[in-house]
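No lab work stands behind these numbers, since they all come straight from the coordinates. Since the model is a prediction, treat every value here as computed from it, not as a measurement. Please note: Cβ atoms are built from the backbone with ideal geometry, for glycine as well, and neighbour counts cover all protein chains shown.
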Amino acid sequence: MNKYERQQRHNMEQKILGLGFSFEEFYQLRRISMTLHRWYELECGIDSGFIERDEKTNKPYWVSHSGYRSIIADRETGALRRLKKIMANHAPLTAYLQTDPRGCALWILRPGDVPEGKRADAYYTNGVCVY
């Protein structure tokens with residue numbers, strides 16, 4: 001990590017702590033964001049395969065490019081459950097998940113970040129990115 005990256009991470013940490021999260025919650029949010037980011041990358045696919053969910057059972061499977069399917073651990077559901085538990089303690093704040101793996105996976109939205117009557121998917125960048 002270079003000096004610029006260290007400064008960016010420090011700034012993000014200060015913004016999250018300034019919203020009322022504890023350092024432990026910040027660390028958990030960061031882990032959740034990294035977990036979800038990797039999950040979304042794997043859903044889009046990498047060189048060796050991709051993740052898909054069974055339509056009937058909703059269980060995740062790893063599908064190799066040769067067509068072999070194997071069941072894998074559902075890290076997304078666990079991360080979402082942990083996120084919901086953390087966000088329950090911070091009522092006016094909401095979490096937005098950006099499933100495109102090219103950017104930040106988790107955004108914390110404050111009241112007023114999304115204009116009244118608008119959808120969060122168009123204004124989530126007004127929030128605080130957790131990466």
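I need ILE86, ILE46 ordered by Cβ neighbour count within 10 Å, fewest first.
Working: ILE86 18, ILE46 10.
In order of increasing Cβ crowding within 10 Å: ILE46, ILE86.
Simple spin-label model, 7 Å along Cα-to-Cβ: ARG82 to GLU13 in nm?
It is 1.8 nm.
When ranked by the protection proxy of mean other Cβ atoms within 10 Å per residue, highest first, what sequence do the peptides 112-125, 13-26 form? If you can, show how the numbers build up before the last one.
Numbers: 112-125: 12.3, 13-26: 14.5.
Highest to lowest by the protection proxy: 13-26, 112-125.
Do any cysteines in the chain lack another Cys Cβ under 4.7 Å, and if so which?
Lone cysteines by the Cβ rule: CYS44.
If the only charges are +1 at each Lys and Arg Cβ and -1 at each Asp and Glu Cβ, what is the size of the charge dipole of the chain around the Cα centre, to the nearest 20 debye? Provide the component values of the computation, followed by the final result.
Numbers: 20 positive and 16 negative charges, 64 e Å.
That gives the chain a dipole magnitude of about 300 debye.
Using the Cα atoms of segment 1-116, I'd like the radius of gyration and the largest Cα-Cα distance, Dmax, both in angstrom.
Spelled out, the Cα radius of gyration and Dmax of segment 1-116 are 16.6, 48 Å.
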